[in-house]
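Only one structure is covered here, and it is reproduced in the block below.
The values are calculated or read from the model by the stated rules, or taken from the named source; none is laboratory data. On a predicted model such as this, the values are computed, not experimentally measured, just so you know. For neighbour counting, all protein chains shown are included, and Cβ atoms are generated from backbone atoms with ideal geometry for every residue, glycine included. SASA here: full protein model, heavy atoms, side chains in, ligands and nucleic acids out. Shrake-Rupley method; radii C 1.70, N 1.55, O 1.52, S 1.80 Å.
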Amino acid sequence: MEHTYSVGSNPVVYDRQHLHVLFAGESQTLPLHQAGPKIYDYYLMHFIESGFGAFRTEERKYELGPGDCFLIHPGQLVSYVSDEAQPWRYRWAAFTGTDADALVLQTGFTPQKPVLSTTEGSVFPGALAGMMRAFYTGKESAHLTSLGYLYLLVGEAAELLLASSRLPGAESQVKRTVKQMIHYMAAQYAHPVSIEQMCASLGYNRAYLSRIFKQETGLSPVTYLLKLRIEKSRLLLRERPELSVEQVAASVGLTDALYFSRQFKRFCAQSPTAYRIATARHGEK
C-alpha cells in the first residue's frame with residue numbers, strides 16, 4: 001500500500017480572527033502509522049473515509065472506522081495510530097480563533113466526548129475536500145469559503161451528538177448553565193467582575209460551577225475569563241496605538257496593570273509593549 005499525503009493551507013494568515021481554518025488535508029496512511037502523543041494548540045478534526053485505527057486521549061482509547069470522526073481539543077495530550085491490516089484513510093481540518101471554544105461547545109464535542117459516528121450522506125467528506133480545494137486556489141476568498149464548510153461540519157456534528165445523547169434533564173441543564181457562564185463572561189469581561197460575582201448572578205455554588213465548566217470546556221472559569229481578556233487586549237494593542245498599556249488593561253477588566261502585563265506575557269510569551277512593537281513592525285492591523 002502506498003502512503004499519500006496532501007494538505008492545503010489558508011492563504012489568509014491567522015491574526016486572532018474570531019474563527020479561522022488553518023489548513024485542510026487528506027492522507028492514506030501506512031499500517032501502524034502513528035501521530036503523537038503530542039499536544040496541539042488548535043482544534044483538529046479528522047474524518048475516516050476507509051480503514052481503521054485507534055484514537056487515544058488522556059482518558060481513554062477509541063477504536064474507529066469508516067464514517068467516524070474525532071476532534072482533538074487544544075491542550076489535550078493525544079495520539080492516533082492506523083490499523084496494521086487495514087490502515088485508515090482520513091481527511092482533516094485544523095481551526096482556531098477567539099470564538100472557537102464557544103463554537104465547539106455548541107456542537108456537544110468535549111475532551112471527554114471527542115468522537116461521533118456520521119450517517120450516510122454526511123457532509124463531512126465533501127466539506128473537508130471542499131476546504132482543501134479552496135485553499136489550493138490560493139485566493140483570499142478561500143478563507144470565507146472554508147468558514148462556510150466549517151459551519152456545515154459543526155452543524156452536522158451538533159445535530160448528531162445532541163440527538164444521539166438525548167441528554168437527561170440534569171445534563172441538559174449543565175450545558176445550558178455553562179453556556180450562560182460563557183455568555184456572561186463575553187458580556188462582562190470589560191468590567192472588573194469576578195467568578196464569585198458570576199456565580200452569585202447565576203445562583204449557583206462556585207465549586208459546582210467550576211466543576212461543570214471545566215468538564216464541558218476543559219478550562220476553569222478563571223482561566224477561560226483570563227484567556228478571553230488577554231485575547232481582547234491583543235486586539236486593542238494592535239488597533240488602538242493611542243491607548244497606554246494601563247488603559248488597555250482597564251478596558252479588558254484588569255485594573256492592575258502589573259498583573260495584566262504578567263498574565264499577558266504568560267499567555268503570549270512577550271510583554272504587551274513588545275507585542276505592540278512587533279505587530280506594528282510587521283504591518284499588522
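General observations
- Cross-chain or 6+ apart pairs with Cβ under 7 Å, the stretch 50-63 first and assigned by the TED database to the domain that holds His33, then open to solvent by 50 Å² or more (accessible area, probe 1.4 Å) and assigned to a strand (DSSP E or B): Ser50/Arg89; Gly51/Arg89; Ala54/Lys61; Ala54/Glu63; Glu58/Leu77
- Among the residues of the stretch 154-176, the ones that are closer than 29 Å to Arg229 by Cβ and at pLDDT 85 or above come to 3 in all.
- Output for the stretch 9-29, where each listed residue is more than 21 Å from Thr107 (Cβ to Cβ) and open to solvent by 70 Å² or more (accessible area, probe 1.4 Å): Ser9, Val13
- Within the stretch 41-61, if we keep just the residues that are of a type in the set (Phe, Trp, Tyr) and open to solvent by less than 20 Å² (accessible area, probe 1.4 Å), the residue that is farthest from the chain's Cα centre (by Cα) turns out to be Phe55.
- Counted residues, the stretch 233-263 - those being touching a residue at least 60 places away in the same chain (Cβ under 8 Å), of a type in the set (Ser, Thr, Tyr) and surrounded by fewer than 16 Cβ atoms within 10 Å (Cβ to Cβ): 1
- Subset tally (residues that are in a helix (DSSP H, G or I) and touching a residue at least 40 places away in the same chain (Cβ under 8 Å)) for the stretch 114-136: 10
- Any hit, the stretch 58-65, residues being charged (D, E, K, R), touching a Ser or Thr at 6+ places or on another chain (Cβ under 9 Å) and either at pLDDT 90 or above or closer than 19 Å to Val7 by Cβ (or both): no
- Scanning the stretch 35-59 for residues that are within 18 Å of His73 (Cα to Cα), in a strand (DSSP E or B) and of a type outside the set (D, E, K, R) yields Ala35, Gly36, Pro37, Ile39, Tyr43, Leu44, Met45, His46, Phe47, Ile48, Ala54, Phe55.
- Qualifying residues in the stretch 64-94 (those that are without any contact (Cβ under 8 Å) to a residue 40 or more places away in the chain and farther than 17 Å from Leu22 by Cβ) - the one most open to solvent (accessible area, probe 1.4 Å): Gln86
- Any hit, the stretch 13-25, residues being closer than 25 Å to Glu120 by Cβ, modelled with pLDDT of 90 or more and either hydrophobic (A, V, I, L, M, F, W, C) or assigned to a strand (DSSP E or B) (or both): yes
- Among the conditions (1) surrounded by 19 or more Cβ atoms within 10 Å (Cβ to Cβ); (2) assigned to a loop (DSSP other than H, G, I, E, B); (3) among the charged types (D, E, K, R), Asp101 misses just one, which is (2).
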